[in-house]
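For reference, the structure discussed in these notes is given below.
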Amino acid sequence: MRVIGVDPGTRSFDVIGLEDGRIRLDLSFSSEVVAEDPGRIVRSIEEFNADIIIGPSGYGIPLKHISEINERDRFEMTLVREEEMKKIPVLVGLQEMVSEMAQKGMNVWFIPGIIHLPTVPEWRKYNKIDMGTADKMAITLLGIYDQSNRLGIPYGDVSFALLEVGFGYNFAGAVDKGRIVEGIGGTIFPGPAFVNSGALDGEVAYLMGEIKKWHLFWGGASIIAADEILTPEKFVERLDEEPFARAWEAMKDGFLKAIASELAIIKKPREILLSGRLMRIEKLRKDVKDLFEERFDIPVVKQKGLEGKAKEAAQGSAIIGDGLLGGKFKDLVEHVEIRKARGSVLDYVKLPLKV
């Protein structure tokens, strides 16, 4: 059995191919490639000859085959108005990827975000959209496998809070009894990410006059410190400079608040898992690990996942594909209740929307 998982990250698109649960394909493409030559990624996927492909699902939709998606589904996966789409080349490339895969009749499935899952109580969903995009759901599912595998416990005994610190966005998730019960996505995260500003004060939004999609890719720690988007490695090199040190403290403050809120709803958390691009940088990860262990007094571990260089979301997506086909991860996918996902990302918003 061959499956592929795709992670449409802010900085790169990663592709993982599994054969009978083992990694056989491990690719990473820069966002520039997605924007300029999306067909290159489609060809790489096609050459693997997978039985199922978990496609780039954005904010997510209930489990659906590519032949069934319509224009509304495409909108809900990106939440970008048509007039703004052309201004964000990587999103144009993503749409072209989806169109090409549909034309080729590839067996692509799109997966839900966290807000679609029945394991998240409805009262936590009101006036939210970004409780965690489909890739964050996949990362959290990978975390469930990770803890179960490392500790030798059944999925029903898995419990943790997860912090994912990506290039663009942060995410915090809560897992109790092996099920995802809460998520804090990047645009409602209580503090800046590396690029994204985190939760946007409603008064700031009002005074901005009109929010554009590109505003969600701005205002984070790199912009706070340098007024431009640096690489995380360049940022770390300058942590002894006051603006960079302050920006990093702002990020850590948000981490604390997010994880504290997730731990509050988990009955008996076993661990805090650290994931994402910035947590692969040892200096930053150690700083966060020391902070969490001091404040929360529970083990803090780096998410391991499968072997390979591709990001955790691609690995999690591939696991979902394997499980949907009845492979090694079937029990995990059934336990998380992905097949029971329902509704729209917009269902719980009680404010007027222009969509």
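Annotations
- Answer residue from segment 26-45, given it is touching a strand residue (DSSP E or B) at 6+ places or on another chain (Cβ under 9 Å) and at pLDDT 90 or above and is farthest from Gly185 (Cα to Cα) among those: Ser44
- Candidate set: segment 305-349, residues that are of a type in the set (Gly, Ala, Ser) and part of a helix (DSSP H, G or I); chosen: the one farthest from Leu278 (Cα to Cα): Gly323
- Of the criteria (1) of a type in the set (Lys, Arg); (2) closer than 21 Å to Met131 by Cβ; (3) modelled with pLDDT of 95 or more, which one Lys311 fails: (3)
- The set of residues in segment 183-210 that are open to solvent by less than 60 Å² (accessible area, probe 1.4 Å) and over 21 Å from the mean Cα position of the chain (by Cα) comprises Gly202, Ala205.
- Which listed residue, of Phe171, Phe194, is among the aromatic types (Phe, Trp, Tyr), part of a strand (DSSP E or B) and either touching a Lys or Arg at 6+ places or on another chain (Cβ under 9 Å) or under 30 Å from His335 (Cα atoms) (or both): Phe171
- Conditions (1) open to solvent by 10 Å² or more (accessible area, probe 1.4 Å); (2) out of contact with any Leu (no Cβ under 8 Å at 6 or more places or on another chain): number failed by Val236: (2)
- Any pair with Cβ under 8 angstrom, 6 or more apart, that starts in segment 286-304 at a residue that is farther than 21 Å from Leu141 by Cβ and ends at one that is among the small types (Gly, Ala, Ser) and open to solvent by 30 Å² or more (accessible area, probe 1.4 Å): Arg295/Ala260; Phe296/Ala260
- Residue match in segment 168-177 (condition: on the phi > 0 side of the Ramachandran plot and modelled with pLDDT of 95 or more): yes
- Boolean, Arg150 is within 21 Å of the chain's Cα centre (by Cα) and either more than 21 Å from Phe110 (Cβ to Cβ) or modelled with pLDDT under 95 (or both): no
- Some residue of segment 33-51 being hydrophobic (A, V, I, L, M, F, W, C), open to solvent by 40 Å² or more (accessible area, probe 1.4 Å) and touching a residue at least 40 places away in the same chain (Cβ under 8 Å): no
- Answer residue from segment 288-303, given it is in contact with a helix residue (DSSP H, G or I) (Cβ under 7 Å, 6 or more places away or on another chain) and charged (D, E, K, R) and is nearest to Ala258 (Cα to Cα) among those: Arg295
- Subset of segment 245-274 (residues that are of a type in the set (Asp, Glu), within 21 Å of the chain's Cα centre (by Cα) and open to solvent by 50 Å² or more (accessible area, probe 1.4 Å)): Asp253
- Test: residue in segment 92-114 that is in a helix (DSSP H, G or I), at pLDDT 95 or above, acidic (Asp, Glu) and more than 26 Å from Lys330 (Cβ to Cβ): no
- Pairs are defined by a Cβ separation below 9 Å, a sequence spacing of at least 6 or placement on different chains, a first member in segment 238-261 that is under 18 Å from Ala199 (Cα atoms), and a second member that is polar (S, T, N, Q) and part of a helix (DSSP H, G or I); the pairs so defined are Ala247/Ser222.
- Filtered residue count, segment 120-144, keeping only those that are surrounded by fewer than 24 Cβ atoms within 10 Å (Cβ to Cβ) and either assigned to a helix (DSSP H, G or I) or hydroxyl-bearing (Ser, Thr, Tyr) (or both): 4
- Test: Glu294 is part of a helix (DSSP H, G or I) and open to solvent by 70 Å² or more (accessible area, probe 1.4 Å): yes
The values are calculated or read from the model by the stated rules, or taken from the named source; none is laboratory data. Since this is a predicted model, take the numbers as computed values, not measurements. Virtual Cβ from ideal backbone geometry, glycine too; neighbours counted across all protein chains shown. The protein model used for the area step is the full one, side chains on, heavy atoms only, and it has no ligands, DNA or RNA in it. Shrake-Rupley method; radii C 1.70, N 1.55, O 1.52, S 1.80 Å.
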